[in-house]
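The structure appears right after this line, and notes come after that.
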Amino acid sequence: MHYGEIKNCDIANGNGVRVSLFVSGCSHHCKGCFNEETWDFFYGEPFTRETEDRIISWLKPDYIEGLTLLGGEPLEYVNQKDILPFLERVRQECPGKNIWCYTGYIYEKDILGRMVPKWKETSRILSLIDVLVDGPFVEEKKDISLRFRGSANQRIIDVKKSLETGQTILWEE
């Protein structure tokens, strides 16, 4: 996996002060995407153990609320193979931090309906994520007044509650 950028003090991509990892590779190619360069799976730098170490160290301070994954597309299958062990490490070494993930996939249709039955990594990744912002960016539905979303079709899902209840539960601040 490659990544395009890491922000060690981000307040735009999730609740509180966060560390944000922009992974490379995306097959959605949404019209009007703010981060087109990350469509290329080899854009940026290789994601290494040293990269993980740096992110983990940035997550440690008390004022950091958690980690956000975005891109690109963190849930592209080729990215899931590196995302999973990294998230397991974050959970182990940074207990109490929350994890947000942005995806252009739709939670019920794509993730639960197609990915979970097909790839063992997807279920485990979902179990490690607290909040999922789902759905492709739709330029015609762009709304800069929306918190933590780019377009009105996107939802902020409480993954833990959704998995517990079997219903899609939206995140409440």
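Does Val90 fit the bill of being touching a Lys or Arg at 6+ places or on another chain (Cβ under 8 Å) and within 27 Å of Tyr63 (Cα to Cα)? Spelling it out, Val90 is indeed touching a Lys or Arg at 6+ places or on another chain (Cβ under 8 Å) and within 27 Å of Tyr63 (Cα to Cα).
Out of the residues in the stretch 68-121 that are part of a helix (DSSP H, G or I) and of a type in the set (Val, Ile, Thr), which is farthest from Leu132 (Cα to Cα)? Checking each candidate, the answer is Val78. Here Lys118 clears all of (1) among the basic types (Lys, Arg); (2) over 23 Å from Ser57 (Cα atoms); (3) touching a strand residue (DSSP E or B) at 6+ places or on another chain (Cβ under 7 Å); (4) free of Cβ contacts under 8 Å to residues at least 40 places away in the same chain except the condition numbered (3). Condition test on Gly72, is it among the small types (Gly, Ala, Ser) and under 15 Å from Ser20 (Cα atoms)? Here the answer is yes, as Gly72 does meet what is asked.
Scan the stretch 124-156 for residues that are surrounded by 16 or more Cβ atoms within 10 Å (Cβ to Cβ) and either touching an Asp or Glu at 6+ places or on another chain (Cβ under 6 Å) or of a type in the set (Gly, Ala, Ser) (or both) and the total you get is 3. Quick one: is Glu65 modelled with pLDDT of 95 or more, over 12 Å from the mean Cα position of the chain (by Cα) and part of a helix (DSSP H, G or I)? Answer is no for this residue.
Are any residues in the stretch 13-27 over 20 Å from Thr51 (Cβ atoms) and surrounded by 17 or more Cβ atoms within 10 Å (Cβ to Cβ), and if so, which ones? Asn15, the sole residue that qualifies.
The values are calculated or read from the model by the stated rules, or taken from the named source; none is laboratory data. The model shown is predicted, which means the values in this text are computed figures rather than measured ones. Cβ atoms come from the backbone with ideal geometry, glycine included; neighbour counts cover every protein chain shown.
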